[in-house]
Every structure is written in structure tokens, then in C-alpha cells.
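Have a look at the structure below, then the notes.
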Amino acid sequence: MIRKAVEGLLGALVLLALAWGGQWLYYRWTEPPPEAELFRVLDVVDGDEIIVGYHGQRTLVRYIGINAPEVDHPTRGREPGGQEAAAVNRELVGGKWISLELTDEVRDRFGRVLAYVWIPQADGRELMANAEMVARGYARVATFHANEQYAAQFRDLEGQARTTGRGLWSGDSPAGWSRRSYR
């Protein structure tokens, strides 16, 4: 009887140690390297939203200056092209370390952090996820007065994507984006 109690206690201690260790691993995994202000992408919500980890917190980040079709819009449901846009965003940033460029408007009315999302490249340069989503044709330009820093570049990239029929601008796209539908 005592042996079973000791085994049970040891089992509970092992489970507790694993749970604590798992928590430590979670925090360690989400912490940026000390030499840089980087954030780990924990999840990709859709084509213009991600969840990043920092100090053990999961933070929702909304890309500034663009709008992609929704995977699960609260009133419109699944929008055509939403899954495709999310997949491209996942390819770009999923599980990677990124940096965030913030503006004067740090959060939107939904509490999301608003940012230009930069992906460090092996050659030392950085790729902006916001611009890449537009250039690949999986997001449209959507600028607001406080966040227009890259608006002209985004408009040029969107024009090129539309003209060449990239991404959701192609005739085969489930989103049905076209010059006529764009407004």
C-alpha cells in the first residue's frame, strides 16, 4: 500500500515537472534572442493577421496598410480566397522570428497591435510581409490616415499584381477579384 502511494506521488511529481518544464520551454521558445527586438510567430490567423509570442503572452498583430480575404469573418463567414491568403501568409511568416514596425496608432479598435511585419533574410536584408502579400496578389491596399507610410509602394505592387493576374487577381481565383469587382 505504501509502495503504491509512493509510486503515485512520484508520478504526480514527474507530471508536475513536465508541466513546469513545458511552460519553461514555451516561454523560452517565444522569447526573442537578446540581441534583437524579434518576435516568434506562433500562429497565422489569415492573410493579414498573426499571433506572436513575447514574454509568454500571445499577441494578435494586424498588418498595416493591407486587407486580405477573411478565413472566418464574424458576419460574412468564410470569404473566397481567405484560405489561400492564409496559406501564403503562413509560408511567409509561420514559425519565424519577425520584427514589428509600429506607428503612432499602436492598436486598433479591436485591440490588435498594428504593424508593418518584417522578416529577416539570410543575407541580412528584411522582407516586409505586408508588401509581399500585396505583391503576390493575396491582399489589397487598405490605408488609413494614420498609417500611410508605405501606401504608394503598396498601390504600385497591387497594380502590378492586378495587371499580371497574380494570386487572387487571376481568372481562376475563387475570390473573383477583378478590375470590375475592385472598389
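The values are calculated or read from the model by the stated rules, or taken from the named source; none is laboratory data. All of these numbers come straight from a predicted model, not from anything done at the bench. Please note: Cβ atoms are built from the backbone with ideal geometry, for glycine as well, and neighbour counts cover all protein chains shown.
Key figures
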| item | result |
| --- | --- |
| Test: THR59 is of a type in the set (Val, Ile, Thr), modelled with pLDDT under 95 and crowded, with 16+ Cβ neighbours inside 10 Å | yes |
| Hits in segment 90-115 - residues which are under 13 Å from PHE39 (Cβ atoms), crowded, with 20+ Cβ neighbours inside 10 Å and free of Cβ contacts under 8 Å to residues at least 60 places away in the same chain | VAL93, ALA115 |
